[in-house]
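Written out below as structure tokens is the structure these notes cover.
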Amino acid sequence: KATMKSLRFISAEAFVSNAEFARKSLGGVAHNLFPLLFKASYLLEQREVIHDLVQNWPLVDFNMGKLLGTTVDYQEDLSCRTCSVCLESCLTGLRDYVLNHPSPYVKRLKVVDLTGIKDVEVQFCECKKTMGRWARTQLLSKLCLELLVYLQQTQCNPGAFEISVDVLIDLFVTERNYELVMQALLKKCYCPLKICCVSFRSDNLALQKFFYIIKLTDPSLLRKLEIVHNVRLEMEHLEILFNSIHFPLLMSLTLPARTFNVQRFTATDERVLTNIGEKMGEMTQLTELSMPFSILTGRIQKLLSPLKTPLKMLDVPNCSLNHADMAYLANSFHANHLEALDLSGHKILDLYPSIFFKLLSHSSSVLRSLTLEDCNIQDTHVNMLILGLSPCQKLQEFKFLGNPLSSQALKHLFTFLCELPMLKNVEFPVPRDCYPIGITYPIDDASLCRFDHQKYESVAEDLNLILLQANREDVKASTPLFGSYDAAVQETKNELGAYLIKSFKETLEKFTTSLNKMS
């Protein structure tokens with residue numbers, strides 16, 4: 001739907017739509033109009049105007065999230081437009097801000113904040129080319145290094161070295177851009193543009209390189225740390241990390257799959273786990289924790305009880321939690337604060353329904369997102385599930401892919417879901433009756449797509465009709481077969497694939513070698 005524009009915004013659009021005229025006239029524009037002109041140029045993808053606005057930015061701060069977010073003159077939020085054309089113009093404009101001499105303005109810029117940019121699946125910009133988090137990391141690092149080379153080679157304005165602008169960014173480092181980012185961070189103190197890492201994600205990176213670069217990011221400023229795919233971090237490495245580096249401001253921590261495995265625990269491992277729990281307890285800001293595919297049976301209390309601040313988000317999918325773990329969670333002080341919870345891969349309604357519903361009722365006043373994928377939720381559980389979800393009136397998102405539910409049970413559940421006033425997003429499984437008889441759950445990847453697509457479409461239509469009849473067009477219902485969209489994985493999937501093939505090949509070679517030795 002069209003968003004209302006103020007007369008000021010319409011005038012700004014008219015002004016920037018003639019790029020040549022706008023660029024010539026910038027010198028006479030009042031400082032307080034720069035934000036308005038920036039948003040208008042971004043909307044119209046006027047790359048030269050964007051570049052010149054940033055190059056001559058007259059204000060103390062440049063905050064992408066605020067500039068592109070909802071404003072009085074134009075309500076539409078453009079911060080999820082990661083338009084390649086616009087972002088490249090912004091960043092090159094920033095480089096040229098340092099080099100621009102003589103400038104008609106006093107250089108007042110102190111902080112550039114790029115962290116408000118949101119990476120989403122569907123892009124509305126004209127060029128349809130996006131610049132994701134990895135590419136932004138790459139480009140900013142490249143520009144900082146180019147700037148240094150340029151400043152050293154040319155007899156440029158000595159005032160350039162007096163400029164110091166903090167550039168707040170969410171860094172995303174993989175093997176492929178490691179060298180470049182590492183060099184930019186190493187030389188940060190000499191560069192007028194100072195990379196300030198607010199959040200750090202690392203995929204496909206050797207452990208040694210991860211340890212080195214994380215120290216360069218200035219961990220004392222880090223709010224979010226995500227160590228996700230193909231970083232072979234195990235529990236003992238995590239202990240070394242926490243013992244050697246302090247993260248006083250860390251609010252969110254994501255650990256790679258299989259960081260913990262209590263099945264092969266020794267007395268030393270117990271000590272390591274206790275130490276990790278204590279170190280996390282020192283992170284007084286920590287409110288989000290994600291530990292997928294770790295085997296944590298019976299140890300949740302040991303890890304979480306030292307935390308001084310209640311968790312708002314807990315992701316423990318496929319962590320083999322037992323009754324004691326669930327009982328701890330339900331009775332802990334975290335329960336009343338949980339806004340997002342992922343318990344996928346646990347047969348909660350078979351094994352510990354009452355304790356799970358106790359946890360739900362404790363978190364019901366704040367719970368916004370609940371994920372119960374591959375939990376063996378069957379038709380017989382639906383009434384019980386409805387009862388448990390009824391108090392969760394703040395729920396905005398419910399994901400339950402991979403559960404063996406029939407079309408009939410899904411319709412029953414959807415009729416109830418219409419009553420949750422804040423609900424916006426539902427991810428539901430392909431109904432069991434769309435698969436061949438005798439299919440076993442959890443369904444393996446090979447069989448995942450082998451269902452009756454026509455029948456599924458018909459059921460999906462019925463479910464959407466239930467929403468429609470209840471006046472709930474605001475709810476988006478879908479079945480992303482291979483899980484929700486992940487912008488970071490999407491952007492680096494080629495590198496990720498190559499890495500997986502390489503490690504599979506290495507495993508095969510080792511296996512062949514040991515076979516040869518045996519024979």
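The values are calculated or read from the model by the stated rules, or taken from the named source; none is laboratory data. All values reported here derive from a predicted model rather than from experimental measurement. Counting neighbours? That spans all protein chains shown, and the Cβs are built from the backbone with ideal geometry, glycine included. Note: accessible area is taken over every heavy atom of the protein model, side chains too, but ligands, DNA and RNA are not part of it. Shrake-Rupley method; radii C 1.70, N 1.55, O 1.52, S 1.80 Å.
The separation of the stretch 256-303 from the stretch 104-175, counted between C-alpha centres, amounts to 37 Å.
Ranked by the mean number of other Cβ atoms within 10 Å of their residues, highest first, the peptides 481-492, 177-188 fall in the order 177-188, 481-492. Compactness of the chain is given as radius of gyration and Dmax, 26.0, 83 Å, from Cα positions.
Taking R0 as 30 Å, what's the FRET efficiency between residue 513 and residue 179 from their Cβ-Cβ distance, rounded to 0.05? Can you show the working numbers first?
On the way: r = 31 Å, r/R0 = 1.04.
The computed FRET efficiency comes out at 0.45.
Surface composition of the chain: carbon plus sulfur atoms hold 55% of the accessible area, using a 1.4 angstrom probe and ignoring ligands, DNA and RNA.
Using every pair of distinct Cα positions in the stretch 140-289, the Kirkwood expression returns a hydrodynamic radius of 16.9 angstrom. As a length-normalised measure over Cα pairs under 8 Å and 6 or more apart, the relative contact order of the stretch 34-160 settles at 31 percent. Considering helices alone, the calculated mean residue ellipticity of the chain at 222 nm is -13000 deg cm²/dmol, with DSSP H runs of length four and up weighted by -39500 (n - 2.57) and normalised per residue.
Sorting 160-171, 457-468 by average packing, meaning the other beta carbons within 10 Å per residue, from highest down gives 160-171, 457-468.
Let me spell out the model: positive unit charges on the Cβ of Lys and Arg, negative unit charges on the Cβ of Asp and Glu, origin at the Cα centre of the stretch 42-201. What dipole size does that give, in debye rounded to 20?
420 debye
Magnitude of the charge dipole for the stretch 205-249, about its Cα centre and with charges confined to Cβ atoms of Lys, Arg (+1) and Asp, Glu (-1), is about 180 debye. By how many degrees, between 0 and 90 and to the nearest 10, does the Cα long axis of helix 493-518 differ from the longest principal axis of the chain? Long axis of 493-518 versus the principal axis of the chain: about 50 degrees.
Each residue, residue 246 and residue 457, gets one label point 7 Å from its Cα in the Cβ direction; the gap between the two is 6.1 nm. Between the stretch 1-46 and the stretch 395-466, what is the C-alpha centre distance in whole Å? Cα centres, the stretch 1-46 to the stretch 395-466: 46 Å.
With a simple spin-label model that places each label point 7 Å from the Cα along the Cα-to-Cβ direction, the separation between residue 415 and residue 366 comes to 3.5 nm. Farthest toward the positive end of the dipole of the chain, out of 481, 149, 431, is the Cα of 149, where the dipole comes from beta carbon charges about the Cα centre. Short-range pairs are left out: with C-alpha atoms under 8 Å and at least six residues apart, the relative contact order of the chain is 7 percent. For the residue pairs 308/347; 209/279; 66/215; 302/517; 118/142, the C-alpha atoms sit more than 32 angstrom apart in 302/517. Taking Cα atoms only, the orientation of helix 34-43 departs from the longest principal axis of the chain by about 60 degrees. Each other residue within a Cβ distance under 12 Å of residue 175 adds +1 if Lys or Arg and -1 if Asp or Glu, for a net charge of 0.
Cut-off 20 Å, label point 7 angstrom out along Cα-to-Cβ of residue 270: give me the residues of the stretch 316-355 whose amide nitrogen falls inside. The answer is 321-326, 328, whose backbone nitrogens lie closer than 20 Å to the label point.
Does the stretch 230-322 classify as rounded, prolate or oblate by the C-alpha gyration tensor (a ≥ b ≥ c root eigenvalues; a/c under 1.5 gives rounded; else a/b over b/c gives prolate, otherwise oblate)? It is rounded, given that a/c, with a ≥ b ≥ c, falls under 1.5.
Note on residue 284 and residue 437: their simple-model spin labels are 6.4 nm apart, each label 7 Å out from Cα toward Cβ. When each of the peptides 133-141, 412-420, 34-42 is scored by the mean number of other C-beta atoms lying within 10 Å of its residues, the order from highest to lowest reads 34-42, 133-141, 412-420.
Take every Cα pair under 8 Å whose residues are at least 6 apart in sequence, average their separation, divide by the length of the stretch 421-519, and the relative contact order is 36 percent. In this structure, residue 485 and residue 18 have a Cβ-Cβ separation that, at R0 = 30 Å, corresponds to a calculated FRET efficiency of about 0.20.
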